[in-house]
Amino acid sequence: MPKLIIDNREITVPEGTKVIEAAERLGIMIPRFCYHPALGSVGACRVCAVKCLEGPRKGIQMSCMIDAQDGMKVSTTDAEAVDFRKHVIEWLMLHHPHDCPVCDEGGHCLLQDLTVSGGQGVRRYQGPKRTHTDQHLGPLVAHEMNRCIQCYRCVRYYQEFTGYEDLGVMQIGSRVYYGRFRPGTLESPFSGNLIDICPTGVYTDKPSRYRGRRWDFERRPAVCLHCSLGCHVTVSARYREVVRQEARFSESVNGHFICDRGRYGFPYVNLPERPRSARVDGTETGWEAALKIAGERLESAAWKTGPQGIAVVGSARCGLETQGMLKRLADAKGWRGPVFDIDPAAANVRTAVSRLDSDLRVSLREIETADCIVVVSADPLNESPMLAPALRQARRNGARVAVIDPRPASLPFQFDHFPVAPDDLAAAMAILIRKCADKEPLSELGKTAVRSLRGVSDGADIPDADGLAALYDDLHDSRRPVIVCGTHTAPPEIPGMAADLALLLRIAGPRAGLFYVMPGPNSFGAALLSDPALSFGDLVSSIEEGETKALVVAESDLFGSGIDWDRLQNALNKLELLVTLDYIDSQTTRAARILIPTLTAYETPSLSINNEGRVQQSPAAFRGGDPIARTGGGEHPPRAFRRDIPGREMGAAWTALPTLGGRNPGSAPVNLTAWLGDAHPALTSLPESSDFPPDGVRLPLAENAGERFQTDRFSHGEKEEDALTLLVADSTFGTEELSSLSPILKELTPSPCIQIHPEDAAEFDLSTGDAVRIDTGAGTAVLPVQTTDRIARRVLVIPRHRDLDDRLPRERRTVLSKTAIRKATEDA
Amino acid sequence: MAETTNTAYPQVLFANRKPDRIATIDDYRKNGGYEAIQKVVSTLSHKDVQKIILDSNLLGRGGAAFPAGLKLQTVADDAPFPRYIVCNADEMEPGTFKDRVLLHADPHLLIEGMLIEAYSAKAEKGIIFIRPEYENAARILEREVAIAEKAGFLGKNILGGDFSFTIDVHRSGGRYICGEVTAQLNALMGKRPNPKQPPPYPTEKGLWDLPTVLQNVETLCCMPPIIRNGAEWFRNLALTESGAGTKLYGISGRVNKPGCYELPMGVRLSEIIEKHAGGMPEGSEFKACLPGGASTRYLSRAHYDMPMDFETLKAAGHRLGTAAIMVFDQKTCMVAATLNLMAFFARESCGWCTPCREGTPYIRDLLWRIENGRGEPEFVDILKKQCKYLWNAYCAFAPGAVSPVEGLLADFEDEVWAHIHQKTCPFKASD
Amino acid sequence: MLSQQIQASKHPPELVVDVMMAVQEHYGYLSDEALEEAAAMVGMAPTKLDELATFYTFLYREPVGRYVIHLCDSVICWMDGYEPLRDHLCKKLGIQMGETTPDGLFTLLPVCCIGYCDRSPAMLINKKAYGPLTSEKIDEILETLRSEAAETTPS
Ligand SMILES: Cc1cc2nc3c(=O)[nH]c(=O)nc-3n(C[C@H](O)[C@H](O)[C@H](O)COP(=O)(O)O)c2cc1C
Ligand code: SF4
Ligand code: SF4
Ligand code: SF4
Ligand code: FES
Ligand code: FES
């Protein structure tokens, strides 16, 4: 541990720490442009110069390029160093357009800050300025190359960090240009990070252009709700709208970056069609009055049918408070539910939650340090985008990454894909488990367990069984293997088998980790708090049978469940009372007898539990209310003055729910953590909101909970030779409920299609570009065909798409007979 | 040090040089060619070879004057395989053309030099990185490499031993920075040729992360004669105590016989100009010269008798560089000449680091203003600061780029002031 | 030939400049389409090739004439008459530096020292060096190239 002196202060840092980092630990921020903690040091900008007074090097040195060493004495304030840095800034400003007043970066620009603080205020260079032509880079990122200071951060981020190659650095010398080979939409689903990482205004946030300056915004930390990872973001709101989001650093979750789904998924908050006033029987009613009416009607419904005639439904996008309150309500009133089981993957999630031991689970950041990763039944880029860059960092550090999944997974790095059909996934996992059981002394498991493990079918008849067996050897030889397991499309055995494998590996030696990917932002909470005995399908049947007469639906669109729409509509029509609480406009809000608008997680503090059981807190980014753009009727500034916030009568769903149970309006329990603990013991010890640590708290999870090594659950089912499996898959854009409402992401959403192996396609006389008519069981769709040999045989994949919601089956996996698909001809 | 009056200096690298003729493999062998590699393969260990090269005091001829033997020794014994030898035939330093002349004169000398280098580094793959302007030389090399291969000097199990070595010719796309070692390796790997600061050093992690020894054409060509005649013989070729070997001096500019001459290391500048390059033309007087390409400092009249070797120049605050001597006479405007050099550097800066990318065009602009009568007194201090701070750039390009400007400001500051005060270039005015 | 080399290479990117040169040779310059073709050959992204194509002097991303004249403007040639020769060439060809004659025959570009300082002033036409130059020699060279072009181009 070298000890050195920086600006007369002594500090000891770990071996390999750069001087710039050591200084930061002392609170000394040495100027930097090209250095970035996620991208490392490259010594290009030269603005981090310091003077080494004593030690192994002397004189002006770049603090990002030299390791802290014993005996170093460094000055950041030395006159020569200061003067040199000033010159660096002069150089960088030679060609700068000085357009801060109209630049979208103005006010939060590193170049601006360093120019001002470096004291470089007078222009001496008299030559002509170089100029560049900008490019169209798509709907997210604006390009203004004249502002570039050639720090190379963007290309290093784009190419090295995330692995995309459609943005690069062209030209030479003072003409270097950062852009695309041809203008066009950036291919990376992480392109928005360019905006954050560029230290000046070259890449700026296009959707928020002309919407305000940094200091105009209310900026608050928040947690992304567009997948289960729960990345950290910073929200900017103005005039009662969310205007933009940026990535926020998180040590354990997302590091420095976020995906574009997360960055641009927010507009659902601002949409004009968002329900903003309560309605009772189609008539606008005050929020509290509507709640009271709802409470009364529910009470009378309970009189008629008994409490079991009422059911409550939530979803994985409800905040933890709302989920907890739904459970509390159901428990207190004897109503049925809560059902969070809108997504059919919920059973998988419950298994995952029960198997995620505290000592097995790893965080997203920890994946970067793994040296062998097996991803099973997951499609990282499409399901939880930020998982892909985390895997890539592991790969860059030399890890082997293998994906066992039927879908044509693509990842921005080299990986091994085992396109195993859904029916064979368990067999594939069995190969890994069997091999472990055969090879390793698993005495601590006890004889029976070992015997039963060794009895696991060897799955040898699946394609590339040898490759999988070899994969086990790599797992075993690694120091830090991680099993990543999806839940969206996984057959029911898989989440358990993934945990078994991780556990066995751990016994066999390496420090194995386990990471589940879940379907919704708060799937974890839903799994903890839902009533396992009641599924949504059962609930619909009970409505049809007249057993359930009233339904309270909180922040859930039942029509997203995949249940046949006509059937669902008929069932809802049968209800005596449908109370819907939501902040988006959906078929469920439209079907509601009583509609209660609610606040989004941007407008009220909210908790959620991410895929690794980490409870995270988002404070309110702003107080809500009707956007000024609407209340002002186009006038600026709006002329109507009032003391309250128009449209802010509503509250969070969880604050509304007690009233539905007949309590006084607004009588939500004060001590949040205490009553959440009542809802589930794991939630007992949550900190007070003011004490919430930045990276949240990981729930204590019972060690080795759940059913382990249930080897008998895997059996070789008979395969129907002629059948095809339809997988309804996620795609990065256009699948997730809230972000698919985002007008910003429309352009990036791929149009619906069906993917199939070319040899299977040939059987139906299909090739890429043909249209196919498919009867999914839930409806008929005509879709363009995309053949790909990276997909498992006898599998059809349809990325879920809003336009298809009414015709896709509820189940993520459906077995279809061969007659279900045929080529769509002209006349069709 | 012996005053040399006789002009018949030993021709070592140019032993087979004939006007307008490329030495064939037979010409080469007639004069002892490929004997060195025979000796190496049959009697010497790779360490022996390293030792001889080290003892010979052979300094790199590409400009940096790093001891060739030391470089070989930085290849660790347990370094991985395959290892690479790269021959730097980029030669884009303005004023430098010695490697071109050498390649055209005696291509097999280079091939044998690479073989010796490869043997001692245990490398099996050689690449000649050549600038596109030397297409002619590239073709010659390809042809002669094939001939050498046929003759059994390249390929598998050379001369019956277990030493194997092949050579490829790689044509550059053309940029000065490609001559810099690490940039060259990036170029060879199909990456943008930006330099990459060590560590790791190329001899540890070079091409495709494998050990790579890179050496200039002339440096490699010195190896066969060293092996044949011994380290001491090589050292004694020089006229100065500190020097070793002969040196190819390329001389151009205001001399009667511009060209490339092989002379003992340490021969005096005056002798090179007067004796070998035919003196200066009628009416021309020596004003200054760049001793070793565009990235060295001017030698002024005061240095006219300077012994031209690495150490002597270094001691005087100068660099011999590539020994490409560019001679300027009293009619040449030093501001204009320096402006031209700066235009070169500004055009060729690779664009990686700020001081060089922005500083070289800045200096060019200032010099242009001074040369065109728009100079202001503050410019001189700005120039001095710029020169000073360009030394803090990422690679050696920038310090090289400012060397002529530093020379201008040190030795010809009056001329600069005359431009500023007269608001015009005095040389143009007097035309 | 090249495609065989690419096949045989353990690291195809090492051939990327050769491939671009060959494709340029074929099409005259590296149009976007030509660049994409080259990219496909070496299995790299077009952007990665453009990063190089725009870096190197001898890869042309814009149309050039059949003969590309690179006139050396570095210090020795400058001292030995670069400026008058440049003016002569411009006048003779009726174009400015950086332009191509309307008949598509000649493009005139400056270049850094081409390593023929012993024969300054010098120039390079399609990678062949000429020097020492005078206006008369330039006229001769242009004439020869014109007739060579006339002979090899079916009219
Ligand atoms: C900007 C720059 C350009 C260079 N160009 C060349 C060159 O064209 N040829 C060359 O041999 N060395 C060149 N060098 C020097 C090389 O970096 C390196 O020192 C040399 O090739 C090593 O070989 P040597 O030790 O045999 O001289 C250049 C260095 C710099 C910084
Ligand atoms: S565009 Fe931005 S990030 Fe990229 S090099 Fe320029 S200033 Fe740096
Ligand atoms: S990966 Fe998931 S949590 Fe992270 S930013 Fe993207 S959508 Fe949001
Ligand atoms: S000094 Fe900097 S810009 Fe100049 S060539 Fe070296 S790395 Fe490139
Ligand atoms: S931050 Fe150190 S050189 Fe750019
Ligand atoms: S200066 Fe023109 S060829 Fe060297």
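The values are calculated or read from the model by the stated rules, or taken from the named source; none is laboratory data. As the structure is a computational prediction, the values presented were derived from the model and not from experiment. Because the Cβ atoms are built from the backbone with ideal geometry, glycine has one as well, and the counts that use them run over all protein chains shown. Note: areas computed on protein heavy atoms with side chains; ligands, DNA, RNA excluded. Shrake-Rupley method; radii C 1.70, N 1.55, O 1.52, S 1.80 Å.
Things to note:
- Of A:Q323, A:G59, A:V697, farthest towards positive along the dipole that unit charges on Lys, Arg, Asp, Glu beta carbons give chain A: A:G59
- Sorting the Cα pairs of segment A:276-346 by distance into bins of 10 Å, from 0 upward, gives 19, 38, 38, 5 percent per bin.
- When B and C come together, around 3300 square angstrom of accessible surface is lost from both chains combined, probe 1.4 Å.
- Rg/Rh for segment B:233-292 stands at 1.02; both radii use Cα atoms, and Rh follows the Kirkwood definition.
- Relative contact order computed over chain A (Cα-Cα under 8 Å; 6+ residues apart), in percent: 13 percent
- By the Kirkwood approach, averaging reciprocal distances over each pair of separate Cα atoms, chain C gets a hydrodynamic radius of 16.9 Å.
- Residue by residue along C:32-45, Cβ atoms of other protein chains within 10 Å of the local Cβ number 1 on average.
- At a probe radius of 1.4 angstrom, the accessible area of segment C:67-152 per residue rounds to 42 square angstrom.
- Percent of Cα pairs exceeding the 16 Å cut-off, where the set is segment B:372-419: 40 percent
- Segment A:3-92: mean projected area of Cα convex hull, nm²: 5.2 nm²
- Cα-based equivalent ellipsoid of segment B:334-429: semi-axis lengths in Å, sorted from largest, via gyration tensor: 23, 12, 11
- Set of aspartates and glutamates near A:K3 by C-alpha distance (under 18 Å), chain-local residues within fewer than 8 positions excluded: A:E15, A:E21, A:E24, A:E54, A:D67, A:D70
- Entry for segment B:238-329 at q = 0.17, 0.19, 0.25 Å⁻¹: log10 I(q)/I(0) = -0.60, -0.76, -1.36, Debye formula applied to identical alpha-carbon scatterers, no solvent contribution.
- For segment A:119-182, pairs of C-alpha atoms spaced more than 20 angstrom apart make up 34 percent of the total.
- Shown for chain C: cysteine residues without a partner Cβ closer than 4.7 Å, namely C:C90, C:C112, C:C113, C:C117.
- Between the helical axis of C:16-27 and the longest alpha-carbon principal axis of chain C there is an angle of about 60 degrees.
- Using the Stokes-Einstein relation with a Kirkwood hydrodynamic radius computed over Cα pairs, the translational diffusion coefficient of segment C:67-152 at 4 °C and a viscosity of 1.567 mPa s comes to 102 µm²/s.
- Using a Förster distance of 41 Å, the FRET efficiency for A:Y210-A:E251 (Cβ separation, nearest 0.05): 0.75
- Check: segment C:67-152 dipole with +1 on Lys, Arg Cβ and -1 on Asp, Glu Cβ, in debye: 160 debye
- Computed about the Cα centre, the dipole magnitude for chain A is approximately 2720 debye when only Lys and Arg (+1) and Asp and Glu (-1) carry charge, each at its Cβ.
- Taking A:Y210, B:Y28 and ordering them by how much accessible surface each has at a 1.4 Å probe, largest first, produces A:Y210, B:Y28.
- For segment A:724-823, fraction of C-alpha pairs farther apart than 20 Å, in %: 34 percent
- Loop-resident trypsin sites (Lys or Arg not before Pro) (DSSP state other than H, G, I, E or B) in segment B:125-166 with no more than 16 further Cβ atoms inside 10 Å of their Cβ: B:K156.
- Exceeding the 23 Å Cα-Cα cut-off - candidates A:K51/B:K384; B:K156/C:K10; B:K98/B:K196; B:K71/B:K156; A:K333/A:K549; B:K98/B:K275: B:K98/B:K196; B:K71/B:K156
- Largest-first principal axis extents of the Cα set of segment B:25-235 (Å): 41, 38, 33
- Förster radius 60 Å - calculated FRET efficiency between B:K30 and A:H98, Cβ distance, rounded to 0.05: 0.30
- Per residue accessible area in Å² of segment A:560-662, where ligands, DNA and RNA are left out and the probe is 1.4 Å: 38 Å²
- Point-to-point label distance, C:A149-C:K92, nm (Cα→Cβ direction, 7 Å offset): 1.3 nm
- The protein assembly as shown: translational diffusion in µm²/s, Stokes-Einstein, Kirkwood Rh over Cα pairs, 25 °C, 0.890 mPa s: 68 µm²/s
- Accessible area in square angstrom per residue, segment A:248-333, 1.4 angstrom probe: 35 Å²
- Segment A:125-269: projected area of the alpha-carbon convex hull, averaged over directions, in nm²: 10.1 nm²
- Burial of 20 Å² or greater, segment B:371-399 residues [accessible area, probe 1.4 Å, versus chain by itself]: B:E376, B:I382, B:K385, B:Q386, B:K388, B:Y389, B:N392, B:Y394
- Accessible surface ranking that places the most exposed of A:E165, A:E747 first, with a 1.4 angstrom probe: A:E747, A:E165
- nm² value of the averaged projected area, convex hull over the Cα atoms of chain A: 39.2 nm²
- Checked against a 29 Å cut-off, the cross-linked pairs B:K247/C:K128; B:K47/B:K205; A:K58/B:K122 give Cα-Cα distances beyond that limit for A:K58/B:K122.
- For chain B, the Stokes-Einstein estimate of translational diffusion at 37 °C and a viscosity of 0.692 mPa s comes to 147 µm²/s, using the Kirkwood hydrodynamic radius over alpha-carbon pairs.
- For the segment B:253-259, counting C-beta atoms of other chains within 10 Å of every residue's C-beta and taking the mean gives 3.
- Ordering of A:24-31, B:210-217 by packing [mean C-beta count within 10 Å, highest first]: B:210-217, A:24-31
- With the whole protein complex present, B:T74 retains an accessible surface near 70 Å², based on a 1.4 Å probe.
- When accessible surface is computed with a 1.4 Å probe, chains C and A are found to bury approximately 1100 Å² between them, both chains counted.
- Carbon + sulfur, % of accessible area of the protein assembly as shown - ligands and nucleic acids excluded, 1.4 Å: 49 percent
- Buried area at the A:B interface is about 2700 square angstrom, summed over both chains, from accessible surfaces computed with a 1.4 angstrom probe.
- Virtual spin-label span in nm between B:T43 and A:S751, 7 Å along Cα→Cβ: 8.0 nm
- Projecting the Cα positions of A:I172, A:T814, A:S541 onto the charge dipole of chain A (unit charges on Cβ atoms of Lys, Arg, Asp and Glu, taken about the Cα centre) puts A:I172 furthest along the positive direction.
- Helix screen, chain B: DSSP H segments with Cα axial length of 20 Å or more and mean Kyte-Doolittle hydropathy at least 1.0 are B:334-348.
- Amide hydrogen neighbours beyond the local backbone of B:G126, cut-off 5 Å, H modeled: B:I85, B:T166, B:I167, B:D168
- Other protein chain C-beta atoms within 10 Å of residue C-beta, averaged over B:345-352: 6.
- Other-chain or far-sequence residues with amide H under 5 Å of A:L514's (modelled H): A:R361, A:V362, A:I483
- Only Lys, Arg, Asp and Glu carry charge here, each on its Cβ (+1 for the first two, -1 for the last two); on that basis segment B:25-235 has a dipole of about 220 debye about its Cα centre.
- Using a Förster distance of 60 Å, the FRET efficiency for A:E218-A:E544 (Cβ separation, nearest 0.05): 0.80
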